[in-house]
Amino acid sequence: MAEDTSYGTFETLTAPLRPDLRDSSSTLREVIIGRHKDDVEIVWENLKIASYGVGPKKMSEHCAYIAVLKNHINLGFYHGASLVDPDSLLEGTGKRLRHVKIRNTAQASDVSIKHLVAESIEELRDSLA
């Protein structure tokens, strides 16, 4: 995965987090990178997100993001409204964006999360084909 560090790094983004949330965010990152190996990670420290896709444009070239918050991590999907979510994990009411609140490492590595990530990556690739 290519890393654009012009806006910051994942390590500096997650450094202020509690250790348990830092572990959860690293697990989420591994889940995404494990399925999205040849693509791009861009960290926007000012937005408190790390975003994953195929180019620099969030809404059209990215599929997912990790947002660091004080008491949890949001795993967000730029086109989450169109994802199949049999476990009703996705939250949000926007036209496109949806997210899952991640509160621990076990949740971050859950098979349902992995399925949402895989589906989001596949949807992005299909939309760009």
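The values are calculated or read from the model by the stated rules, or taken from the named source; none is laboratory data. Being a predicted model, the structure only gives us computed values, none of them experimental. No Cβ is skipped: glycine too gets one built from the backbone with ideal geometry, and neighbour counts run over all protein chains shown.
The condition of being of a type in the set (Gly, Ala, Ser), loosely packed, with under 15 Cβ neighbours inside 10 Å and assigned to a helix (DSSP H, G or I) does not hold for residue 88. Contact map, segment 66-82: first residue assigned to a loop (DSSP other than H, G, I, E, B), second residue crowded, with 22+ Cβ neighbours inside 10 Å and among the aromatic types (Phe, Trp, Tyr), Cβ cut-off under 9 Å, separation 6 or more or different chains; pairs are 78/65. Residue-level check: of (1) surrounded by 15 or more Cβ atoms within 10 Å (Cβ to Cβ); (2) within 15 Å of residue 105 (Cβ to Cβ), residue 9 misses just (2).
Is it true that some residue in segment 40-59 is assigned to a helix (DSSP H, G or I), among the aliphatic types (A, V, I, L, M), under 13 Å from the mean Cα position of the chain (by Cα) and surrounded by 15 or more Cβ atoms within 10 Å (Cβ to Cβ)? Scanning segment 40-59, I find no residue that is assigned to a helix (DSSP H, G or I), among the aliphatic types (A, V, I, L, M), under 13 Å from the mean Cα position of the chain (by Cα) and surrounded by 15 or more Cβ atoms within 10 Å (Cβ to Cβ), so the answer is no.
Does residue 32 satisfy being touching a Cys at 6+ places or on another chain (Cβ under 9 Å), surrounded by 14 or more Cβ atoms within 10 Å (Cβ to Cβ) and β-branched (Val, Ile, Thr)? Against the criterion (touching a Cys at 6+ places or on another chain (Cβ under 9 Å), surrounded by 14 or more Cβ atoms within 10 Å (Cβ to Cβ) and β-branched (Val, Ile, Thr)), residue 32 qualifies.
Of all positions in segment 98-108, none carries a residue that is touching a Cys at 6+ places or on another chain (Cβ under 9 Å) and either closer than 23 Å to residue 38 by Cα or assigned to a helix (DSSP H, G or I) (or both). Return yes when residue 127 is at pLDDT 95 or above and of a type in the set (S, T, N, Q) and no when it is not. No, not satisfied. Return the pair list, or none, for Cβ contacts closer than 6 Å from residues in segment 10-31 that are within 17 Å of residue 45 (Cα to Cα) to residues that are of a type in the set (Lys, Arg), at least 6 apart or on different chains. Between residues of segment 10-31 that are within 17 Å of residue 45 (Cα to Cα) and residues that are of a type in the set (Lys, Arg), the close pairs are 14/22. When residue 30 is tested against the conditions (1) over 11 Å from the mean Cα position of the chain (by Cα); (2) of a type in the set (Asp, Glu); (3) farther than 15 Å from residue 77 by Cα, the lone failure is (1).
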